[in-house]
Amino acid sequence: MKLTVTVNADKRYYMDEDTISNYSSFIDTLCRFNDIKIDLYNRLYDQSIPGSDPFNGETYDRFLKNKYKVNSYYTCSIRAAAAGVLSSQKELRSMYKAQAEEDIKARKNKIKEVSDLLDKKQHIKDSIRAYAKTGKWDKPYPKCVLKVSGGKAVIYNKEIPLDEYERKVEEAIRELKNRLKMLKRSLARKESKLKKLEELPPERILFGTKKFYSGKDNPDNPVGMDAWKEEFFLRRHHSMSLPGRHDSADCNFLVYLREDGLHVKCMDGKAAVFHGFRLSRYWVEYQALLRLGSKERKAVCYNFKREVDQDGREYIIPSVTMTMEKQDTNRGFADGCIAIDQNWDNITLSDISADGECLDHRTIPFHLEGKTSGQISCIIGDVMKQVGDYCELTGKCLVIEDIDTTRKRGGMRYGSRKGNRHASMFAYQKITACAYSQGFQKNFEVYEVDPAYTSQIAKVLYMRKMGCPIHEAASYTIGLKAMRLDHWLSPPELMIDLLPQKLQESENIWAQWKYIIRNLKGVRTHLFYGASPKKELSALKKPTMSSYAKALKDRDRLRNDVAYI
């Protein structure tokens, strides 16, 4: 199992303390590194413009050596940093496009919803006018609960004078028309933004952030121009990353560890030494990585951040990015697996045997609402430690969901506040990172599986059978899907008989489930705890999945009526 981690040093290295040798050389290197990176980024950005040649026919390596007099190791590091910024821009652009597409989809759905409501109100108004002329009430649209009799409108046994109700309808029509107009304008703006994302290149980055830069001319700036310039300089010269090479004896040609500390070769030829350097975690693994032979050796990247504390004292935080590997982790599903279903307030776990039997299932609750990012990380870490301990105890691998929340969060504009809050609190990335970290520490493999249809399958097949909440049944279904035990996931025979002939003959269970789930939309989860509606379906000449769903909804409606009585 491989794990790539970034680990900070166990202490801060202050400028006014005797913990760094040749501090001035290191700071000069860090500043020059960032100045060259900014210049190279701008030239690489210009290089993407057709017909431009910002390097005047030279390679970037030769250009940097001639202009800035730096060696090949620094040119490679600077190139990696500048190219990484461009690559991040492209990735962010793809994410912004996906979010914009979901947002546009949500806006279109909202426009359709408002348009349908406006049509209904308009039909009600037309029926009221026709009633005033003919004295006969015509139902405005199917399933309309409004009735008019004796000059009064009756809604759910509540009577309202017809002229008063008509004024309310006209007021609602005006509001809906205005709302629809604003929605269409906002949709046009969002579509224009998406078009720009698709056609125009990304904007050039202003290092130090545009927001902070725009504050330079703010007349209310309390710190003054000199302090602003100092802060802006620190933001632009904040960090430096020096990637390693596997063919170096120290896994990096510019940084190496010795008994007296961590040595950094500066651009002026001197070496800055961070005395007493030690990592806060994975220290033993880090030392073992540096001792590997030439064939097994891996690159190690060193990062340096320049910060200022609340007292104005400047310090450096070194960190190490390394890839660790273990060969003795339990791989595959020979002994079964442990599967988890992730939710905004709990993680559900299922222990599955090699032949697909559920040996145990449980829920681990947690509370993230109102917590800071650091508190959330701590809570998620504690929860995943419990999962890791269970995997270590059983000696099985872990299966988690492969979820992309980017698109979902882009379409939350018109969702419910509660649902949007829960989706925003869904700490999937932190859970995934903790899962892999636990897997590396406790020697179990981690697998990711697409969770499509798993919750719906669990609701139909296993929630009643196992007598458990839907999320625990979903974790069991996720494990079965990862183990590819499709015969455990096939729809029940009663439902297969209700499918179209083509789907009945198909061996693609996911196509069958797609049709079933689409027809069961709107059926509340608790109804699947009851028995299948065989009796209701047997009374029909040609039952279908739609009639199956209707039978369940009728049961729910009858139960509510009895409870109301």
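The values are calculated or read from the model by the stated rules, or taken from the named source; none is laboratory data. Keep in mind that this is a model prediction, so the values were computed, not measured. Here Cβ is always computed from backbone atoms with ideal geometry, including for glycine, and neighbour counts include all displayed protein chains.
The residues of segment 27-68 that are over 38 Å from the mean Cα position of the chain (by Cα) and farther than 22 Å from Asn303 by Cα, listed by number, are Gly51, Asp53, Phe55, Asn56, Gly57, Glu58, Thr59, Arg62, Phe63, Lys65, Asn66, Lys67.
Do we have any residue at all in segment 475-491 that's in contact with a helix residue (DSSP H, G or I) (Cβ under 6 Å, 6 or more places away or on another chain) and hydroxyl-bearing (Ser, Thr, Tyr)? Yes, that holds for at least one residue.
A count restricted to segment 65-87 and to residues that are part of a helix (DSSP H, G or I) and surrounded by 14 or more Cβ atoms within 10 Å (Cβ to Cβ) stands at 16.
If you filter segment 93-132 down to residues that are hydroxyl-bearing (Ser, Thr, Tyr) and closer than 30 Å to Arg167 by Cβ, you find that the one that is surrounded by the most Cβ atoms within 10 Å (Cβ to Cβ) is Ser127. When restricted to residues that are touching a residue at least 40 places away in the same chain (Cβ under 8 Å) and either loosely packed, with under 11 Cβ neighbours inside 10 Å or not aliphatic (A, V, I, L, M) (or both), segment 133-169 contains 1.
Number of residues in segment 23-51 that are surrounded by fewer than 17 Cβ atoms within 10 Å (Cβ to Cβ), more than 30 Å from Leu200 (Cβ to Cβ) and touching an Asp or Glu at 6+ places or on another chain (Cβ under 9 Å): the value is 1. Taking the stated definitions as given, is Lys90 exposed (fewer than 14 other Cβ atoms within 10 Å of the Cβ) and within 30 Å of the chain's Cα centre (by Cα)? So Lys90 passes the test. The residue pairs whose first member lies in segment 327-339 and is on the phi > 0 side of the Ramachandran plot, whose second member is of a type in the set (Lys, Arg), and whose beta carbons are closer than 6 Å, counting only pairs six or more residues apart or on different chains, are Gly336/Lys396.
For segment 335-357, the set of residues classified as more than 25 Å from the chain's Cα centre (by Cα), surrounded by fewer than 18 Cβ atoms within 10 Å (Cβ to Cβ) and either charged (D, E, K, R) or not assigned by TED's automatic domain parsing to the domain that holds Tyr428 (or both) consists of Asp335, Asp355, Glu357, listed by residue number.
Criterion applied to Arg62, Arg107, Arg129 was being assigned to a helix (DSSP H, G or I), under 30 Å from Tyr45 (Cβ atoms), of a type in the set (Lys, Arg) and out of contact with any strand residue (DSSP E or B) (no Cβ under 8 Å at 6 or more places or on another chain), and the one residue passing it is Arg62. Screening Lys514, Lys459, Lys481 for residues that are surrounded by 19 or more Cβ atoms within 10 Å (Cβ to Cβ), under 34 Å from the mean Cα position of the chain (by Cα), part of a helix (DSSP H, G or I) and touching a residue at least 40 places away in the same chain (Cβ under 8 Å) leaves exactly one candidate, Lys459. Scanning segment 233-250 for residues that are under 14 Å from Ile38 (Cα atoms) and part of a loop (DSSP other than H, G, I, E, B) yields a count of 2. Arg204 meets all of the listed conditions (1) under 25 Å from Ser87 (Cβ atoms); (2) part of a helix (DSSP H, G or I) but one, namely (2).
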